Amino acid sequence: MSLQTAIEALYANPPAEYLPEHQELFVRFKQALNAGEARAAEPDATAPAGWRVNGWVKQGILLGFRLGALVDMSIDAGKQPWFDKATYPVRPLSLEDGVRVVPGGSSIRDGCRLGRGVTCMPPMYINVGAWVGDGTMIDSHALVGSCAQVGDRCHISAAAQIGGVLEPVGALPVVIEDEVLLGGNCGVYEGTIVRKRAVLGSGVILNRSTPLYDLVNGTVHSAKDDLPLVVPEGAVVVAGARAVAKGKGPEWGLSLYTPVIVKYRDASTDTRAQLEDWLR
């Protein structure tokens, strides 16, 4: 029986009591997550948004919460008590993994894929089911949520939040493709896809209910039905505002937050310098 088939069967038919063989299955599953052999979502050119959800992987993660008993994980119970599911300790790492974890309070949960050359600045958090590509920087106070997919050579700046989408199991998690820059205090939620080489300026918030205005092409991007909000490849997005045209909005001079595409990256442009020019 394949790992996928075994996970699906156990998830669909929970036993009265979980046995050692079920624990062994879950250990194999976590090893596959850590190795990148199983992932919650993956590129798929035939899918409408270019990404396919692997629902069985999410089922496996949820099984871990069913299987695990609450245990004491405290290093020093008197000074800092920690209690969590026995199935989800911190992720084992060694020098051979090629991951840089700078001292200072970061936490990486077991069951996530970390590429070579990943840098983790303290304190940051990576949750179970996440996929982090080679050479990516996760900066201080940043969150990579459960099942979030982060590509190669990305920079997730300080206090940026990449929301997790674990349930429902068929829902696409947040996807950050290769060479994306997320500025400080950004928030990307609800299955949003940020295409390759896009730049989100500081404070940009993206979710299903927030339209994205493209000043360059004169279009508006938004989530529709089962399709998520998609940030185009190479787009440079900043936090903007649009006037409230109804009710007391005009009289009171009110505006609502909205993200705005102000330009697109090109190979000859220093992205950081150009972005700062737009923000001045």
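General observations
- From the list Arg66, Arg91, Arg100, the lone residue that is surrounded by fewer than 17 Cβ atoms within 10 Å (Cβ to Cβ), of a type in the set (Lys, Arg) and under 20 Å from the mean Cα position of the chain (by Cα) is Arg100.
- When Cys120, Cys112 are checked against the criterion of being in contact with a Lys or Arg (Cβ under 9 Å, 6 or more places away or on another chain), at pLDDT 95 or above and under 19 Å from Asn185 (Cβ atoms), Cys120 stands alone in meeting it.
- Tallying residues that are buried (at least 24 other Cβ atoms within 10 Å of the Cβ) and at pLDDT below 95 within region 158-188 yields 1.
- Checklist (1) touching a strand residue (DSSP E or B) at 6+ places or on another chain (Cβ under 9 Å); (2) closer than 27 Å to His141 by Cβ; (3) touching a residue at least 24 places away in the same chain (Cβ under 8 Å) applied to Leu256, failing item: (3)
- Residue that is surrounded by the most Cβ atoms within 10 Å (Cβ to Cβ), among those in region 206-265 that are among the charged types (D, E, K, R) and closer than 24 Å to Leu172 by Cβ: Asp214
- Hey, Pro250 in a strand (DSSP E or B) and not β-branched (Val, Ile, Thr) or not: no
- Region 127-161 - residue that is out of contact with any Ser or Thr (no Cβ under 9 Å at 6 or more places or on another chain), in a strand (DSSP E or B) and free of Cβ contacts under 8 Å to residues at least 60 places away in the same chain and, of those, farthest from Asp110 (Cα to Cα): Gln161
- Close pairs (7 angstrom Cβ cut-off, 6 or more residues apart or separate chains): without any contact (Cβ under 8 Å) to a residue 60 or more places away in the chain in region 33-50, buried (at least 18 other Cβ atoms within 10 Å of the Cβ) and small (Gly, Ala, Ser) anywhere: Ala38/Ala32
- Taken over region 91-123, the residue count meeting the criterion of being within 18 Å of Arg39 (Cα to Cα) and in a strand (DSSP E or B) is 4.
- Residue list for region 1-39, filter: in a helix (DSSP H, G or I), of a type in the set (S, T, N, Q) and over 24 Å from the mean Cα position of the chain (by Cα): Thr5, Gln23
The values are calculated or read from the model by the stated rules, or taken from the named source; none is laboratory data. Small disclaimer: the values here were computed from a predicted structure and weren't measured. Glycine gets a Cβ as well: all are built from the backbone with ideal geometry, and neighbour counts include every protein chain shown.
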